[in-house]
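Enquirer: Before we start, here is the structure in question, set down as structure tokens.
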Amino acid sequence: MKWSPLINAGAAAAYIALVVLFMNFIQSLRHDTPDTLFDGMGVISLLVFSAAVMAFLFFYQPVVLLVENKKAEALSFFLKTLGMFGLILVVVLALAILQ
């Protein structure tokens with residue numbers, strides 16, 4: 001598979017959207033129940049898993065390029081991924097404001 005900053009940023013945004021949908025689904029099922037110990041454990045586990053997914057999406061390819069001693073390409077790839085994600089974020093925030 002050919003890696004690209006747009007694919008990585010899009011995958012990150014898609015993952016965030018899936019997490020939000022999942023959390024809304026869980027909230028709709030449990031809207032009148034008290035919180036339990038498992039709720040906190042689930043949230044922290046989701047946080048750790050999400051950090052790992054985002055680290056993979058943002059850092060894997062730049063680290064591979066660094067290992068191949070392509071420092072300029074690694075930095076460029078990372079910054080392009082970050083920039084694409086920033087653009088996606090601006091679009092999402094604009095849509096949220098206009099709603």
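Enquirer: Quick one, which of [x] 15.6; [y] 14.3; [z] 18.4 is the actual Kirkwood radius over Cα pairs in Å calculated for this model?
Expert: Structure-derived value, by its label: [x].
Enquirer: Pick from SER28, SER76, SER50 the residue whose mean-square fluctuation is largest in a GNM of the chain, springs joining Cα atoms under 10 Å.
Expert: In the Gaussian network model the winner is SER28.
Enquirer: On to the next question. Sorted from fewest to most neighbouring beta carbons within 10 Å, what does the list ILE26, ILE88, ILE97 look like?
Expert: On the way: ILE26 12, ILE88 17, ILE97 7.
The fewest-first ordering by Cβ neighbours comes to ILE97, ILE26, ILE88.
Enquirer: Hey, another quick one. Please compute the contact order of the chain in relative form: average sequence separation of alpha-carbon pairs under 8 Å and at least six residues apart, divided by the residue count, as a percent.
Expert: On the way: 48 pairs, mean separation 49.0, N = 99.
Value for the chain: 49 percent.
Enquirer: What nm value, rounded to one decimal, do you get for the distance between ALA51 and ILE26 when each label is placed 7 Å out toward the C-beta?
Expert: Computed distance between label sites ALA51 and ILE26 equals 1.7 nm.
Enquirer: Can you show me the helix-derived [θ] at 222 nm for the chain, built from DSSP H runs with n ≥ 4 at -39,500 (n - 2.57) apiece and divided by the number of residues, rounded to the nearest 500. Could the numbers behind the result be given before it?
Expert: Numbers: 3 runs with 84 residues, N = 99.
Calculated from helices alone, the mean residue ellipticity at 222 nm is -30500 deg cm²/dmol.
Enquirer: If R0 is 25 Å, what FRET efficiency do you get for GLU68 and ALA11 from their C-beta distance, rounded to 0.05? The partial results should precede the final answer.
Expert: On the way: r = 22 Å, r/R0 = 0.88.
The formula returns an efficiency of 0.70 here.
Enquirer: Further question: What is the angle, in °, between the Cα long axis of helix 37-67 and the longest principal axis of the Cα atoms in the chain? Nearest 10 is fine, range 0 to 90.
Expert: Between helix and principal axis, roughly 10 degrees.
Enquirer: Nearest 10 degrees is fine. How inclined is helix 5-29 to the longest principal axis of the chain, computing both from alpha carbons?
Expert: 10 degrees
Enquirer: Between 0 and 90 degrees, rounded to the nearest ten: what's the tilt of helix 71-98 against the longest Cα principal axis of the chain?
Expert: So the helix axis and the longest Cα principal axis differ by about 40 degrees.
Quick note: the coordinates plus some simple rules give every number you see, no bench work behind them. What you are looking at is a predicted structure, and each value in this text was computed from that prediction instead of being measured. Methodologically, a virtual Cβ is constructed for each residue, glycine included, from the backbone with ideal geometry; neighbour enumeration extends over all protein chains shown.
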